[in-house]
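Structure, as structure tokens:
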Amino acid sequence: MSATRHFLDTNVLIYTFDLTAPRKASRATELVHNALDSGSGIISYQVVHEFISVARGLFPSSMNFQEIEKYWGKTLRPLLTIHSSPVLFTRALGICQAHQIAWYDSLIIAAALQGNCKILYTEDLQHGRRFGDLVVENPFL
């Protein structure tokens with residue numbers, strides 16, 4: 001695994017809990033462990049919000065508050081680097097308009113760019129698409 005600065009989208013974190021897709025779960029787990037071990041992976045406040053929303057209501061077996069708190073301390077908090085800010089919103093608005101991308105995807109791209117990431121791991125955007133020095137990579141292909 002490379003120590004290249006990278007951003008993990010919410011779907012990567014969610015797949016670590018997906019028992020119905022073992023290949024994706026394994027790859028997602030590898031990415032999360034690498035991000036934590038190398039210190040080169042980051043997430044944003046948005047990823048935290050989305051993950052907790054899914055964990056509380058959309059997982060086949062919802063996480064309870066103690067489980068979420070444990071995951072927060074071990075995984076989410078150490079990776080959380082990009083917080084909400086006027087600068088982030090302004091950049092996301094520009095990305096949204098210039099590239100005709102959905103608002104929430106624009107926020108993810110803006111956060112990855114703000115974090116000086118070279119790779120954005122997600123399955124929600126076109127694999128190989130570039131935003132300046134940032135490259136979208138679908139880790140599940």
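Every number in this text was worked out from the coordinates using simple rules, so none of it is lab data. All of these numbers come straight from a predicted model, not from anything done at the bench. Every residue, glycine among them, receives a Cβ derived from its backbone with ideal geometry; neighbour counts consider all protein chains shown.
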Original post:
Label-point separation (nm) for Val87 and Leu141, each offset 7 Å from Cα along Cα-to-Cβ?
Top reply: 3.2 nm
Original post:
For Val135, what is the net charge nearby, where nearby means another residue's Cβ is under 9 Å from its Cβ and Lys, Arg count +1, Asp, Glu -1?
Top reply: +1
**OP:** Treat each spin label as a single point 7 Å out from the Cα along the C-beta direction, and report the Glu69 to Ala98 distance in nm.
**Re:** 4.3 nm
**OP:** Among [x] 2, 8, 14, 14, 12, 8, 6, 4, 3, 2, 2, 2, 2, 3, 3, 3, 3, 3, 3, 2, 1, 1, 0; [y] 2, 10, 20, 24, 21, 14, 7, 2, 0; [z] 2, 8, 11, 11, 10, 10, 11, 10, 7, 5, 3, 3, 3, 3, 2, 1, 0, 0, find the value of P(r) over Cα pairs in 5 Å bins from 0, in percent that was calculated from the structure presented, and write down its label.
**Re:** [y]
**OP:** Round to the nearest 10 and give me the degree value, 0 to 90, for the angle of helix 45-57's Cα axis relative to the longest principal axis of the chain.
**Re:** 40 degrees
Original post:
Measuring from centroid to centroid over Cα atoms, what is the spacing of segment 82-141 and segment 6-30 in Å?
Top reply: 19 Å
**OP:** Would you mind checking the tilt of helix 22-38 against the longest principal axis of the Cα atoms of the chain, expressed as 0 to 90 degrees and rounded to 10?
**Re:** 70 degrees
Subject >> Helix axis angle, 103-114 relative to the chain longest principal axis, alpha carbon, degrees >> reply: 80 degrees
